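Asker: Input: one structure, supplied below.
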Amino acid sequence: MAEKTDLPVILGHNLWGTLTPHFGSDLHHHDVADGPDRIYMDYNATTPVDPEVVRVVTDALTEAWGNPSSNYLPGLKARDIIYHSRDTIARMVGGKAADIIFTSGGTEANNLVFHTAVEHFRKSKNSAEGGTNSKQLNGSGSLPHIIISNVEHDSIKLTAKHLLKEGKADVTFVPVSKVTARVEVEDVIAAIRPTTSLVSIMLANNETGIIMPIKNICQRVREVNKQRAASAPKILLHTDAAQAIGKIRVDAHELGVDYITIVGHKFYGPRIGALFVNDPGTTTPVYPLFFGGGQECNFRPGYDMVYCVMGFHAAELVSSNLAEYEAHFLDIRCYLEQKLLVSPVSQTFCMTCCYVGAAGGKILTICMT
């Protein structure tokens, strides 16, 4: 690859701004320098908000401040913004507007899925108890069984551990391969029990960038679902796609999942979340975590923060420019890998370099010199 200078930057504003320490701030304890010359390299944690997103959010704050349930002009504008954002996000993941439930973030979306899986199992069990096949459902215990990987985000891992500690679910933590760093399909299938109610595996890992074989896992689990007795609960399929959306193409129906977690601040939007559910309440169950005014079809009540929902305008930018973004990210990644002079692990998404074993130590040595 030829020597490169002046690599293009997607966002043209100063990402750092002016750092003003406040009382109790960690800035008092670190030598942090101001200035635009710093390079931000923590995009897997969060991205700066795109200037176009800032503009549309600002417009929403001033023009669409009304109650979306009202019929006067500011309320109608707010309602229109919510619908448009819902439709935009749905198209980004290959769904329809009715499949999108807005949440406060990825953590709430993930918790909603796990709560739903437990409730769905309980209701399925209660329905089966009067039937002749109820013993098959309860043959391996009366608790729902959940399968996750051992490298999930804490909003998955700690939720599963809480359910396990509280005696509300059994959980299997499937380890990733020591060779590929991926979850192996056969390991997931081998972990399935008669009481398995949910399989939740992230689409791309936030630390390694490894892309998990979600499509293959879903295909195999659906085969298991077809062979299950009518009294057994359906195994629900969820992927936390926070790290993948905005970097690679994500299509819910191609993957075969029931749920996808979407996080706005991972692709140049504000800190807001959404949950894709395949035909919520009809094909795929959703049980609310709390109750209120009936927003989000009663699946997630509470008035939508219209200005944050409008921030999902970032999804429109992703849908329109994904091929260009991905090519740009890959170009930069390849350039970095060439300069590091170490071969990375393959099958990572475009924004992450992954090295294992002695390679990690070699890279640190190169960086220090």
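The values are calculated or read from the model by the stated rules, or taken from the named source; none is laboratory data. As the structure is a computational prediction, the values presented were derived from the model and not from experiment. Cβ sites come from the backbone with ideal geometry, for glycine too, and all protein chains shown count toward neighbours. Surface areas here come from the heavy atoms of the whole protein model, side chains and all, with no ligands, DNA or RNA. Shrake-Rupley method; radii C 1.70, N 1.55, O 1.52, S 1.80 Å.
Asker: Across the stretch 305-321, which residue is farthest from VAL277 (Cα to Cα) among those that are in a loop (DSSP other than H, G, I, E, B) and open to solvent by less than 30 Å² (accessible area, probe 1.4 Å)? Lay out the reasoning, then the answer.
Answerer: Filtering the stretch 305-321 down to residues in a loop (DSSP other than H, G, I, E, B) leaves 305, 311-312.
After this cut, where a residue has to be open to solvent by less than 30 Å² (accessible area, probe 1.4 Å) as well, the list is 311-312.
Working: GLY311: 20, PHE312: 17 Å.
My answer is GLY311.
Asker: Those residues that are in a helix (DSSP H, G or I) and either touching a Ser or Thr at 6+ places or on another chain (Cβ under 6 Å) or touching a residue at least 60 places away in the same chain (Cβ under 8 Å) (or both), I need them from the stretch 142-193; list them, please. Give the derivation first.
Answerer: Residues of the stretch 142-193 in a helix (DSSP H, G or I): 154-165, 185-190.
Across the stretch 142-193, the qualifying residues are SER155, ILE156.
Yes/no matrix, rows are residues, columns are (1) more than 21 Å from GLN219 (Cβ to Cβ); (2) out of contact with any strand residue (DSSP E or B) (no Cβ under 9 Å at 6 or more places or on another chain):
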{"site": "PRO144", "(1), (2)": "yes, no"}
{"site": "ILE147", "(1), (2)": "no, no"}
{"site": "GLY167", "(1), (2)": "yes, yes"}
{"site": "THR172", "(1), (2)": "no, no"}
{"site": "PRO175", "(1), (2)": "yes, no"}
{"site": "GLU184", "(1), (2)": "no, no"}
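Asker: On to the next question. Name the residues in the stretch 224-245 that are touching a strand residue (DSSP E or B) at 6+ places or on another chain (Cβ under 7 Å), of a type outside the set (S, T, N, Q) and within 28 Å of SER142 (Cβ to Cβ), would you? Outline the logic, then answer.
Answerer: Looking only at the stretch 224-245, we keep the residues that are touching a strand residue (DSSP E or B) at 6+ places or on another chain (Cβ under 7 Å), and these are 233, 235-245.
Of the ones still in play, those that are also of a type outside the set (S, T, N, Q) are 233, 235-238, 240-242, 244-245.
Across the stretch 224-245, the qualifying residues are PRO233, ILE235, LEU236, LEU237, HIS238, ASP240.
Asker: Scan the stretch 290-308 and tell me whether some residue there is over 13 Å from the mean Cα position of the chain (by Cα), farther than 20 Å from ILE201 by Cβ, of a type in the set (A, V, I, L, M) and modelled with pLDDT under 95. So that I can check it myself, show each step before the final result.
Answerer: Residues of the stretch 290-308 that are over 13 Å from the mean Cα position of the chain (by Cα), as a first pass: 290-308.
Add one more test, that the residue is farther than 20 Å from ILE201 by Cβ, and what stays is 290-308.
Still in the running and of a type in the set (A, V, I, L, M): 305-306.
Add one more test, that the residue is modelled with pLDDT under 95, and what stays is 305-306.
For the stretch 290-308, residues over 13 Å from the mean Cα position of the chain (by Cα), farther than 20 Å from ILE201 by Cβ, of a type in the set (A, V, I, L, M) and modelled with pLDDT under 95: present.
Asker: Looking at ALA33, is it modelled with pLDDT of 80 or more, over 25 Å from PHE291 (Cα atoms) and open to solvent by 40 Å² or more (accessible area, probe 1.4 Å)?
Answerer: So ALA33 does not fit the description; no.
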